[in-house]
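The values are calculated or read from the model by the stated rules, or taken from the named source; none is laboratory data. Computed from a prediction, not measured in an experiment: that's the story for all the values here. Using ideal geometry, Cβ is built from the backbone for each residue, glycine included, and neighbour counts are taken over all protein chains shown.
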Amino acid sequence: MDTISKEDIRKPENIVYKRTDLLTDKALSYCPGCGHGTAHRIVMEVLEEMGIQDKTIGIAPVGCSVLAYEFMNIDMQQAAHGRAPALATAVKRLNPDKFVFTYQGDGDLAAIGTAETIHACNRGENIVIIFINNGIYGMTGGQMAPTTLEGMKSSTSPYGRDIKSMGNPLKMTELVATLPGTIYVTRQAVHTPGAVRKAKKAVRKAFENQKLNKGLSFVEIVSNCNSGWKMTPNQANEWMVDNMFPFYPLGDIKVNED
Amino acid sequence: MSMKELRLMKGNEAFAEAAIRAGADGYFGYPITPQSEVMEYLMAEKPHERTGMIVLQAESEVAAINMVYGGACCGKRVMTSSSSPGMSLKQEGISYIAGAELPCVILNAVRGGPGLGTIQPSQSDYFQSTKGGGHGDYKLIVLAPSSVQEMADFAPLAFDLAFKYRNPVLILSDGAIGQMMEKVELQEQRPRFTEEEIIKNTPWATTGKTANRERNIITSLNLDSHVQEEHNIHLQAKYREIEKNETRWETFQCEDADYILVAYGTSARLSQKAVDIARAKGIKLGLLRPITLFPFPTKPIAELATRVKGILSVEMSAGQMVEDVRLAVGDKVKVEHFGRMGGIIPSPQEIVEALESKLIGG
Amino acid sequence: MAKVKGDIVIDIEKCKGCQVCIPACPFDVIGVSKNVNGKGYNYVETVNEECTGCTNCAVVCPDGVITVYRKRIE
């Protein structure tokens with residue numbers, strides 16, 4: 001029988017997990033259940049564990065996470081839509097001793113920002129790109145994204161994505177892996193505790209790679225968008241497993257060990 | 001002891017060399033005629049070995065201006081250069097830079113437009129440069145060089161103004177000035193900013209959040225309209241300050257003039273010759289050369305309007321600056337425009353003939 | 001053999017009731033409250049005493065509202 005009281009357990013020395021101080025106190029503006037929150041948190045945990053808050057500059061996109069700088073307690077720049085890798089290129093080249101990362105959604109990185117993404121990867125800029133792929137444009141109300149699956153409904157593909165008129169979903173991650181300038185390319189998720197732990201390891205590896213000065217680390221995180229997909233968060237995560245993962249399989253696509 | 005140097009250089013190259021000596025931290029550009037020499041010179045000079053300056057050829061003018069934006073957020077002296085069609089691509093980035101109140105230097109070597117146009121010189125980007133081009137209520141400080149010497153002098157001046165006001169500065173050149181070769185006196189090298197200087201002089205810059213301060217966020221986003229209005233009021237106050245302190249112009253034989261030419265850049269060079277030709281014919285002609293197009297020398301033009309019989313705005317365009325001349329003059333005196341378009345450079349003779357037909361004869 | 005006893009503290013005002021933590025828990029510790037917080041969300045709460053402090057719920061929570069405690073019992 002248990003004689004331990006709650007007060008006994010809830011002592012500061014017994015804390016095994018609490019929200020990192022590198023997230024600000026502000027309540028996240030993301031929808032309930034959205035993977036952005038988890039992705040923000042693992043990035044900030046990695047920066048805290050590496051002790052590099054005072055050396056890191058992050059670049060926020062346009063999209064749902066345009067306000068990422070309200071939640072990440074580091075110096076940040078807000079980039080025009082798609083241009084974050086260009087900002088990051090300059091920031092890193094001008095400040096080689098700092099850790100520089102972009103945090104971008106699928107429209108930002110794979111539509112309007114395609115050139116900036118590919119060329120930063122091609123030049124092998126010594127930065128980290130965090131790519132949140134939820135197959136939809138959340139902020140603007142649920143329109144089709146370059147990563148929207150065939151047949152997937154959105155506000156601009158109300159009858160489902162039609163390959164003939166709208167093209168195929170784009171696998172940017174596989175694309176950038178073909179470029180010699182990328183040294184680490186991986187696809188992760190944050191819908192289960194196991195996936196979150198793996199994703200965090202991947203983010204950690206990406207930031208550690210900056211110390212090597214050998215090229216770009218690209219971490220895609222496939223996420224739900226329960227609002228855009230019009231489901232509950234748990235339903236959206238199940239849908240993601242059944243539909244997104246077969247097309248966007250998780251795992252390391254490129255790892256350059258050194 | 002003076003460490004100045006005398007050289008015979010092309011306008012574009014003089015600007016590039018002067019930028020290195022002005023302590024520039026980074027240049028990000030894309031080739032486009034007639035200014036590719038800026039980046040070619042920088043690449044050949046290897047300023048990274050001289051001062052640590054970064055030179056990077058970007059994948060587009062869009063990428064280049066956004067690299068400038070990122071570098072400017074860090075408190076660095078960063079710059080880009082382009083020509084008219086490329087400047088159109090940069091307008092979003094420029095609006096962001098102005099909205100976020102960041103310092104940077106942009107050079108536009110204007111060519112004939114609209115569209116792909118021609119590669120010959122023009123002055124048809126005046127509206128784009130002084131009235132917007134990008135979206136929103138913002139202004140660029142616009143410097144208009146009319147010699148290779150000014151192309152060199154304006155590099156450090158532009159950086160200093162940019163940092164003084166936390167505003168982008170545009171150097172509005174043209175294909176002729178960029179390509180012509182003239183004697184130029186180069187200033188001595190001044191050092192690039194150290195990290196300590198950046199933290200001290202531009203404490204808003206993203207240098208990494210240390211324990212002794214809050215995080216620095218560089219953004220132009222303000223979803224609260226009241227905050228955004230306050231921000232715009234602040235920007236407007238800044239532009240009024242710039243108008244008060246930074247208006248620059250030059251006059252040539254205006255003291256006894258009956259007629260005035262108003263011209264900048266290449267048109268000013270031609271107009272100066274036109275003044276000589278007119279005077280030889282007995283016409284008391286003078287020239288007012290705006291050196292800043294924003295802020296525009298409204299007051300001196302208004303003053304001249306009270307004592308002359310007519311003003312001719314000479315610009316290689318369909319007439320853009322003439323609107324600002326008219327605004328300055330009101331209905332005090334007749335204002336006309338003369339200019340060639342499509343990249344054609346008029347002769348000083350043509351300018352005098354235009355003066356005669358539009359203002360003097362009848 | 002040492003046993004562990006865990007407990008979680010949920011910031012109910014920051015919880016958005018997304019319920020992603022519920023399937024993450026191996027011991028069905030978490031359920032949905034009938035009450036709502038200041039934002040109108042049905043926040044989550046513990047419904048049994050089986051918590052072992054494994055941190056699964058906290059790790060998967062998008063808003064990071066869960067603090068996890070774990071104590072060794074001899």
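For the residues C:ILE22, C:ILE66, the requirement of being closer than 19 Å to A:ASN234 by Cα and crowded, with 21+ Cβ neighbours inside 10 Å singles out C:ILE66.
Against the list (1) within 14 Å of another protein chain (Cβ to nearest Cβ); (2) farther than 16 Å from A:PHE245 by Cβ, the condition A:PHE218 fails is (1). Kindly check whether there is at least one residue in the range C:56-71 that is in a strand (DSSP E or B), closer than 20 Å to A:CYS31 by Cβ, at pLDDT 95 or above and at the interface with chain A (Cβ under 9 Å from one of its Cβ atoms). Yes, there is a match, as at least one residue in the range C:56-71 is in a strand (DSSP E or B), closer than 20 Å to A:CYS31 by Cβ, at pLDDT 95 or above and at the interface with chain A (Cβ under 9 Å from one of its Cβ atoms). Does B:GLY75 qualify as being in contact with a Pro (Cβ under 9 Å, 6 or more places away or on another chain) and of a type outside the set (Asp, Glu)? Against the criterion (in contact with a Pro (Cβ under 9 Å, 6 or more places away or on another chain) and of a type outside the set (Asp, Glu)), B:GLY75 qualifies.
Every residue, every condition in (1) in contact (Cβ under 8 Å) with a residue 40 or more places away in the chain; (2) within 17 Å of the chain's Cα centre (by Cα); (3) within 14 Å of another protein chain (Cβ to nearest Cβ), yes or no:
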site: B:PHE15; (1), (2), (3): yes, yes, no
site: B:ALA19; (1), (2), (3): yes, yes, no
site: B:MET39; (1), (2), (3): yes, no, no
site: B:GLU49; (1), (2), (3): no, no, no
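Being closer than 19 Å to C:CYS61 by Cα, more than 14 Å from chain C (Cβ to nearest Cβ) and in contact (Cβ under 8 Å) with a residue 12 or more places away in the chain narrows it down to one residue among A:ALA202, A:ALA195; which is it? Full working, then the answer.
Numbers: A:ALA195 fails: more than 14 Å from chain C (Cβ to nearest Cβ).
Selected residue: A:ALA202, the only one of A:ALA202, A:ALA195 that is closer than 19 Å to C:CYS61 by Cα, more than 14 Å from chain C (Cβ to nearest Cβ) and in contact (Cβ under 8 Å) with a residue 12 or more places away in the chain.
Answer yes if at least one residue in the range B:193-208 is assigned to a loop (DSSP other than H, G, I, E, B), among the small types (Gly, Ala, Ser) and surrounded by 15 or more Cβ atoms within 10 Å (Cβ to Cβ), and no otherwise. Yes, some residue in the range B:193-208 is assigned to a loop (DSSP other than H, G, I, E, B), among the small types (Gly, Ala, Ser) and surrounded by 15 or more Cβ atoms within 10 Å (Cβ to Cβ). Restricted to helices (runs of 4 or more DSSP H) entirely inside the range B:56-165, those with at least 2 residues that are farther than 25 Å from B:GLU241 by Cα and modelled with pLDDT of 95 or more are B:61-73, B:84-99, B:148-165.
Filtering the range A:9-60 to residues that are of a type in the set (Asp, Glu) and either more than 7 Å from every other protein chain (Cβ to nearest Cβ) or not in a helix (DSSP H, G or I) (or both) leaves A:GLU13, A:ASP21, A:ASP25, A:GLU45, A:GLU48, A:GLU49.
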